[in-house]
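Here is the structure we will look at, set down as structure tokens.
The values are calculated or read from the model by the stated rules, or taken from the named source; none is laboratory data. Nothing here was measured: the structure is a model prediction, and the numbers come from that model. Cβ: placed from backbone, ideal geometry, glycine included. Neighbour counts: every protein chain shown. Note: accessible area is taken over every heavy atom of the protein model, side chains too, but ligands, DNA and RNA are not part of it. Shrake-Rupley method; radii C 1.70, N 1.55, O 1.52, S 1.80 Å.
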Amino acid sequence: MKVLTDNPTLKPSWPPVFSGKNRVKRWQAPIQADLFSPIPKNTPGYYRFAVMGDAGSGNKMQWDVAKQMLDTYEQTPFASVLVLGDNVYETGQPRLFQKRMVKPYQELFEKGVRFFPILGNHDNVKGHGEQQLHYWGAPRFYQFSQGPVDFFALDTTVFLPGYADCFDKNPFTAKKLAEIQMQWLDKALENSKGKFKVVYGHYPMYSSGKGALEKDSIQKFRKMLEPILVKHNVDLYLAGHDHHYERSKIIKGILHIISGAAGKLRQVHHEQPVYPREKVIIKNQFMLFEVKGNRLIYKAISKKGKVLDEGVIQRK
């Protein structure tokens, strides 16, 4: 499995050196030391993956969704989980890593389910994003494959470094990281052989959320990223950030889904947006995807196990 970066400074190492009350203790080795080893084909649920976003509240909502994820796994196993950012509220404090990122999902980790995380704006402040990446054992952006699906994980916080003070390094560093990501994503998508191409980042490109990026910011972000996805026929873009479930109609060949309600909820703008919106649900949820032949089947599942939405992405 290839880590999608040619820049060695972006790869994690261990142990990092941090000081103060938010230091990462030496015994806290990466929770997934084998993050990028291939997932064996005999893994239960090899053709399924789950998705959760904005989970790290530590409250009952997070634990309820985590429990339902485990209950779902027991009936319908999945080999991996895409983690869409804002994994530790409010500022990604390392002292909360164990409570917010490990304990709610402990039994899934023990069953060998692989978690593939990205950073959200709440993770990537005060330098804590770097610490969290070390703890996950993950680089800032990367690719991996699972069966016929190629996944591309992005750190979208560097695209808008001024938004919510989410990137505490200088703007030049953020700009360079964004440029590197776009170049690398363009090349990686071009070389992708997967039947399905799934890109995920914390920030949505289309959203009805009241907590959505300001209009100018979301348009700027979309202008940077969308052309690359369209160019390479990406099937699906997954995002969190807004604390609800939302599915667009197909936009320029791409389905956009927000799954940001694994630990928090927030209201949306109910008036019809300028983009073609298909479904909005304000309930705690996660998602389950399954590949069957040329179909990528998806379900949004509530914390009580109810299917809130479902559909199919069809490949010829």
>> Over the chain, with a Gaussian network built from C-alpha contacts below 10 Å, which listed residue (122, 232, 270) shows the highest mean-square fluctuation?
In response: 270
>> Given a 1.4 Å probe and heavy atoms of the protein chains only, how would you sort 301, 180, largest accessible area at the top?
In response: 180, 301
>> Under a crude label model (7 Å from the Cα following the beta-carbon direction), how far is residue 231 from residue 297 in nanometres?
In response: 3.6
> Residues of region 140-247: accessible area per residue at 1.4 Å, in Å²?
Replying inline: 36
>> With a 10 Å cut-off between alpha carbons and a GNM built on the chain, which of 228, 251, 31 moves the most?
In response: 251
> Under the Karplus relation 6.51 cos²θ - 1.76 cosθ + 1.60, θ = phi - 60°, what is the ordered set of whole-Hz ³J(HN,Hα) values for region 145-151, x standing for Gly and Pro?
Replying inline: 10, 9, x, x, 10, 9, 10
> Rounded to the nearest 10 Å², what accessible area does residue 34 show when all protein chains are kept and the probe is 1.4 Å?
Replying inline: 80
>> Along the charge dipole of the chain, pointing to its positive end and built from +1/-1 on Cβ of Lys, Arg, Asp and Glu, which listed residue (69, 248, 200) has its Cα farthest out?
In response: 69
>> With both bridge residues required to lie in the chain, what share of the DSSP beta bridges run antiparallel, to the nearest 5%?
In response: 60
> What residue among 95, 140, 48 shows peak mean-square fluctuation when the chain is described by a Gaussian network model with Cα springs under 10 Å?
Replying inline: 95
> What's the FRET efficiency of residue 103 with residue 145 using the Cβ-Cβ distance as r and R₀ = 35 Å, to the nearest 0.05?
Replying inline: 0.75
>> Past 28 Å, Cα to Cα: identify those pairs from 103/303; 67/126; 223/304; 126/195; 103/176, in the order given.
In response: 67/126; 223/304; 126/195; 103/176
> 222 nm [θ] for the chain, helices only, -39500 (n - 2.57) per DSSP H run of 4+, per residue, to 500?
Replying inline: -7000 deg cm²/dmol
>> Shape verdict for region 141-247, please, from the Cα gyration tensor: rounded (a/c under 1.5), prolate (a/b greater than b/c) or oblate.
In response: oblate
> What ³J(HN,Hα) values, in whole Hz, does the Karplus curve 6.51 cos²θ - 1.76 cosθ + 1.60 give for region 119-134 when θ = phi - 60°, with x put for Gly and Pro?
Replying inline: 8, x, 4, 6, 7, 9, 10, 6, x, 6, x, 4, 5, 5, 4, 4
>> Taking all protein chains in place and a 1.4 Å probe, what share, in percent, of the accessible surface of region 214-278 do carbon and sulfur account for?
In response: 52
>> Assuming 0.36 nm per residue, please report the length gained on full extension of the stretch residue 70 to residue 186 beyond their Cα-Cα distance.
In response: 38.2 nm
> Going by the alpha-carbon gyration tensor, a ≥ b ≥ c the square roots of its eigenvalues, is region 171-316 rounded (a/c under 1.5) or, if a/c is not under 1.5, prolate (a/b greater than b/c) versus oblate?
Replying inline: oblate
> Rounded to the nearest 10 Å², what accessible area does residue 299 show when all protein chains are kept and the probe is 1.4 Å?
Replying inline: 80
> Share of region 24-106's accessible area from carbon and sulfur, percent, 1.4 Å?
Replying inline: 53
> Hey, how much of the P(r) for region 85-220 falls beyond 28 Å, as a percent of Cα pairs?
Replying inline: 20
>> As a test, work out the antiparallel percent of DSSP beta bridges whose residues both lie in region 57-175, rounded to the nearest 5.
In response: 55
>> Over 33 Å apart: what share of the alpha carbon pairs of the chain falls there, rounded to a whole percent?
In response: 16
>> Counting pairwise Cα distances across region 237-316, what percent come out greater than 21 angstrom?
In response: 27
